[in-house]
Amino acid sequence: MDIPRIFNITESAHRIHNPFTPEKLATLGAALRLESGTRVLDLGSGSGEMLCTWARDHGVIGTGVDMSQSFTEQAILRAETLGVADQVRFVHGDAAGYVSDEKVSVAACVGATWIGGGVAGTIALLARSLRPGGIILIGEPYWRQPPPTEDVAKGCLANSISDFLMLPELLALLGHLGYDVVEMVLADQDSWDRYEAAKWLTMRRWLEANPDDEFATEIRSALSSEPVRYATYTREYLGWGVFALMER
Ligand code: SAH
């Protein structure tokens, strides 16, 4: 069981698999006023940077579940490096339907809401692991400006304009689902660059190391086209943020 290999290649050097910088992740952790011993569940935990740094900086404990074997291995190594291996646990597996044995104070899905079939389904899934009064974290894209055509949406690698909402609409949707939005930290174009542009050097280095790999043609083609595609579409049209929710 694993995610498509293309992600394991292009994001192999990423610690944060989202348009967030370490500073923004730290801002979010501080914004949530986390207390030592807070139990966190992270579905789609990637390389574990959120859990590991919040364990180091705020003393949280918790579990991450991710379908990428290599990201999960990186998460376990990161926990050892940061000296928090006794606080956080990383499980390689499918997070769809995952409910923790013990209730948590923070239940997160940051940039992987397909796990629950979309925002509403993922919130419902996370709510099953949450203690009363706990916080749900959802990381999700939104349109910074409305894409003028469906082709522009596809240029952002969305299936259609209807995949995402504008920010006020997304916040309204979260309210309609019965939640107060109690905090948010948003990506900006510079933090998007850290996510997207970092893939380019990784692809270049991977091509040099793996010229005969069956994926080399695909990676070559991606490296040739991605900078212009990203600057034309994603960087201009797509926003992203993490929203902290509490049930009304
Ligand atoms: N939250 C992390 C990773 C976001 S990228 C971060 O911010 O860095 C999306 C992650 O979802 C990837 O790590 C991918 O491996 C994982 N993923 C995709 N489908 C999954 C599934 N069904 N179950 C668990 N993890 C999944």
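The values are calculated or read from the model by the stated rules, or taken from the named source; none is laboratory data. Everything numeric here is computed off the predicted structure, so don't read it as measured data. Backbone-built Cβ (ideal geometry, glycine too); neighbour counts: all protein chains shown. SASA here: full protein model, heavy atoms, side chains in, ligands and nucleic acids out. Shrake-Rupley method; radii C 1.70, N 1.55, O 1.52, S 1.80 Å.
A few comments on the model shown:
- Projecting the Cα atoms of Phe215, Trp240, Pro148 onto the charge dipole of segment 138-248, computed from C-beta unit charges around the Cα centre, puts Pro148 farthest toward the positive end.
- Each of Tyr195, Ser162, Val119 was scored by the projection of its Cα onto the charge dipole of the chain, and the greatest displacement toward the positive side belongs to Val119; charges sit on the C-beta of Lys, Arg, Asp and Glu.
- Within the accessible area of the chain (1.4 Å probe), percent carbon and sulfur: 53
- Net charge of neighbours whose Cβ lies under 9 Å from the Cβ of His17, counting Lys and Arg as +1 and Asp and Glu as -1: -1
- The gain in end-to-end length when the Leu173 to Asp86 segment is fully stretched comes to 27.5 nm, 0.36 nm per residue minus the alpha carbon separation.
- Placing +1 on the Cβ of every Lys and Arg and -1 on the Cβ of every Asp and Glu, with no other charges, gives segment 119-204 a dipole of roughly 360 debye about its Cα centre.
- Net charge contributed by nearby residues that have their C-beta within less than 13 Å of Arg235 (K/R +1, D/E -1): -3
- Ordering 208-220, 12-24 by mean Cβ neighbour count within 10 Å, with the highest value first, yields 12-24, 208-220.
- Simple spin-label estimate for Asp101 and Arg205 in nanometres, 7 Å along Cα-Cβ: 3.8
- Along each principal axis, Cα extent of the chain, largest first, Å: 50, 43, 31
- The modelled label-to-label distance for the pair Thr217/Leu186, using points 7 Å beyond Cα in the direction of Cβ, is 4.2 nm.
- The radius of gyration of the Cα set in segment 92-232, together with its Dmax, comes out at 18.4, 54 angstrom.
- Put the Cα centre of segment 1-58 next to the Cα centre of segment 200-248 and the gap is 18 Å.
- Computed with a 1.4 Å probe over protein heavy atoms only, the accessible surface of segment 32-183 comes to 45 Å² per residue.
- Size descriptors for segment 188-248, from the alpha-carbon set: Rg then Dmax equal 15.7, 56 Å.
- When only the Cβ of Lys, Arg, Asp and Glu is charged (+1, +1, -1, -1), the dipole of segment 46-192 relative to its Cα centre reaches about 280 debye.
- Computed over neighbours whose Cβ is under 14 Å from that of Arg194, the net charge equals -3, Lys and Arg +1, Asp and Glu -1.
- Value of D in µm² per second that Stokes-Einstein yields for segment 57-99, Kirkwood Rh from Cα pairs, at 10 °C (1.306 mPa s): 147
- Per-residue Karplus couplings for segment 95-107, computed as 6.51 cos²θ - 1.76 cosθ + 1.60 with θ equal to phi - 60°, are listed in order as 8, 4, x, 6, 10, 6, 5, 9, 5, 10, 8, 9, 10 Hz, Gly and Pro entered as x.
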